[in-house]
Amino acid sequence: MSIATTPPSKLLLRALAGETLPVPPIWMMRQAGRYLPEYRATRAKAGDFLSLCYNPELAAEVTLQPIRRYGFDASILFADILLVPQALGLDLWFVTGEGPRLSPIMEKGGVAALKPADAIHEHLAPVYETVKILSRELPRETTLIGFAGAPWTVATYMIAGRGTPDQGPAHALKDENRAEFEALIERITEATIEYLSAQVAAGAEVVKLFDSWAGSLKGDDLDRYSIAPMARITAALKARHPGLPVIAFPRGAGTRFADAARAIGADCIAIDDAVSPEWAAEHVQPIACVQGNLASRHMVTGGQDLIDETRRIRDALSKGPHVFNLGHGITPDADPENVALMIETLRETR
Ligand SMILES: Cc1c2[nH]c(c1CCC(=O)O)Cc1[nH]c(c(CCC(=O)O)c1C)Cc1[nH]c(c(CCC(=O)O)c1C)Cc1[nH]c(c(C)c1CCC(=O)O)C2
């Protein structure tokens, strides 16, 4: 007897399964964020950013806010990529107006002093609880995306203890103590498989890997430390959760987005705004669904440029599977009205 398989009905899942849709599904990186007054109010109630991440009721509330306001096709779990280093044993805090701070790993005894990958779950249990709440409360047409940072990007913060313009400290460790660096990439890779697998068990329907600093890895280093770990995570997750769609975002990969699409085995490659949608349609879309790539500044500036650029991206990628998104996160100075204008423009033919 054969088991009937129903094709996915949610728009995001259909695009990730390779379907070309008349209007692409829409969501935005950082859609729950400081540009929204309701986010700022809930964050104030939580006290600070990390308390919000670890409060399942309030984290679910901010995740739902942009869905209520705009009816996006997908919702991304509210959390942060730096919760994993914290779960592995590093201290983490945020300095207002500056960004994240961690205790640099080499001042904390190196990889040997980190917890094993399977010891992260107790610390991250509130995140899994947020996912459970969301899978109950989201509208039935909205897809729930879980996420994690990719190993290289997470490693850059663990090594430097903060964000850095050129990821210098991480490159230095890679060049000066390759064994330690590779052990770190390995530990983060294992922890990420554990973490994302638990998010899927709790109800995440898609997972996304953010390699925000992939662009600073050149040549073989991009293959070894960005693409290969993301390929390993993708394969492990698909083995544990057959049919799970994966989105990979090797930000800054440039013309190597095509190699990344071939080698990672993800269902979708998210592109930034440094490549044109026409280039992505020709070189990436034949291999995987493409997500992107409106420049975030249009959410600040709006007007006819926003309309024109939204249409250009939609049209350039209209002959294959496409998920409409920004090239990077929406910024705190964005105007919520411009988000509405973008969505209206995309759905005008519906
Ligand atoms: C590098 C990185 C981080 N976090 C993340 C990345 C990779 C993606 C990227 O490149 O943007 C990913 C992230 N961070 C956040 C999410 C939630 C989901 C989403 O809405 O996209 C996701 C997917 C919430 C957040 N993470 C953060 C905020 C702003 C915090 C606040 O409310 O003050 C949000 C909504 C804070 C954060 N978290 C991080 C930094 C550098 C900062 C400070 C920068 C800033 O202030 O915008 C680390």
Defining a contact as two alpha carbons under 8 Å apart and six or more residues distant in sequence, what relative contact order in percent does the chain show? 20 percent
Amide H proximity to Ile81 below 5 Å, modelled H, separation 5+ or other chain, gives none
Enumerate cysteines in the chain without a disulfide-compatible partner, where compatibility requires another Cys Cβ under 4.7 angstrom. Cys53
Step through the residues of region 28-33 one at a time and calculate ³J(HN,Hα) from phi using the Karplus curve (6.51 cos²θ - 1.76 cosθ + 1.60, θ = phi - 60°), rounding each to whole Hz and writing x for Gly and Pro. 9, 4, 6, 5, 8, x
Can you list residues from other chains, or at least 5 along the same chain, whose modelled amide H is less than 5 Å from the amide H of Phe147? Lys208
If amide H atoms are built 1.01 Å from N in the plane of the peptide, which residues on other chains or at least 5 residues away come under 5 Å of the amide H of Arg162? Leu102
Just in region 254-350: which chymotrypsin sites (Phe, Trp or Tyr not before Pro) are loop by DSSP and have at most 12 other Cβ atoms within 10 Å? none
Counting only pairs 8 or more residues apart or on different chains, how many lysine pairs in the chain have their Cα atoms under 19 Å apart? 6
On Cα atoms only, tilt of 37-46 relative to the major axis of the chain in degrees: 30 degrees
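Tell me the net charge near Leu58. Cut-off is 11 Å between Cβ atoms, Leu58 excluded, with +1 for each Lys or Arg and -1 for each Asp or Glu. Write out the running numbers ahead of the final one.
Numbers: positive: Arg43, Lys45; negative: Glu57, Glu61.
Residues close to Leu58 contribute a combined charge of 0.
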Roll a 1.4 angstrom probe over the protein heavy atoms and tell me the percent of accessible area of region 202-275 that is carbon or sulfur. 54 percent
Expressed in nanometres to one decimal, the distance between label points 7 Å along Cα→Cβ at Glu176 and Lys238 is 3.9 nm
Taking Cα centroids, how far is region 287-350 from region 71-87 in Å? 21 Å
Förster-model FRET efficiency, 22 Å R0, Ala41 and Val95, C-beta, rounded to 0.05: 0.50
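Peptides 84-91, 264-271, 314-321: what's the order by average Cβ count within 10 Å, highest mean first? Show your work: numbers first, answer last.
Working: 84-91: 21.0, 264-271: 24.4, 314-321: 18.0.
The peptides rank, most packed first, as 264-271, 84-91, 314-321.
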Under the Kirkwood approximation applied to all pairs of distinct alpha-carbon atoms, what is the hydrodynamic radius of region 81-132 in Å? 12.1 Å
Give me the percent of DSSP beta bridges within the chain that run antiparallel, rounded to the nearest 5. 15 percent
How large is ³J(HN,Hα) for each residue in region 127-135, as worked out from phi by the Karplus curve 6.51 cos²θ - 1.76 cosθ + 1.60 (θ = phi - 60°), to whole Hz, x for Gly and Pro? 5, 5, 5, 4, 4, 4, 4, 5, 5
HN-Hα J in Hz across region 118-124 - Karplus 6.51, -1.76, 1.60, θ = phi - 60°, x for Gly and Pro: 7, 9, 7, 5, 4, 5, 8
Return the FRET efficiency for the residue pair Thr20, Glu107: r is the Cβ-Cβ distance, R0 is 51 Å, and the value is rounded to the nearest 0.05. 0.50
Mind listing the Cα extents of region 7-132 along all three principal axes, in Å, largest one first? 54, 34, 25
With N denoting the number of residues in region 192-350, provide Rg(C-alpha) divided by 2.2 N^0.38 Å, to two decimal places. 1.07
Percent of Cα pairs exceeding the 39 Å cut-off, where the set is the chain: 9 percent
Per residue accessible area in Å² of the chain, where ligands, DNA and RNA are left out and the probe is 1.4 Å: 40 Å²
Relative packing of 130-138, 74-82, 210-218, 329-337, which averages over residues the other C-beta atoms within 10 Å, highest first: 74-82, 210-218, 130-138, 329-337
Cβ-derived FRET efficiency at R0 30 Å, Asp220 paired with Glu57, nearest 0.05: 0.05
Kirkwood Rh, angstrom, region 228-316 [1 / mean 1/r, Cα pairs]: 13.9 Å
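The values are calculated or read from the model by the stated rules, or taken from the named source; none is laboratory data. Source: prediction; values computed, not measured. We place every Cβ from the backbone using ideal geometry, glycine too, and count neighbours over all the protein chains shown. Quick note on the areas: whole protein, heavy atoms, side chains included, nothing else; ligands and nucleic acids left out. Shrake-Rupley method; radii C 1.70, N 1.55, O 1.52, S 1.80 Å.
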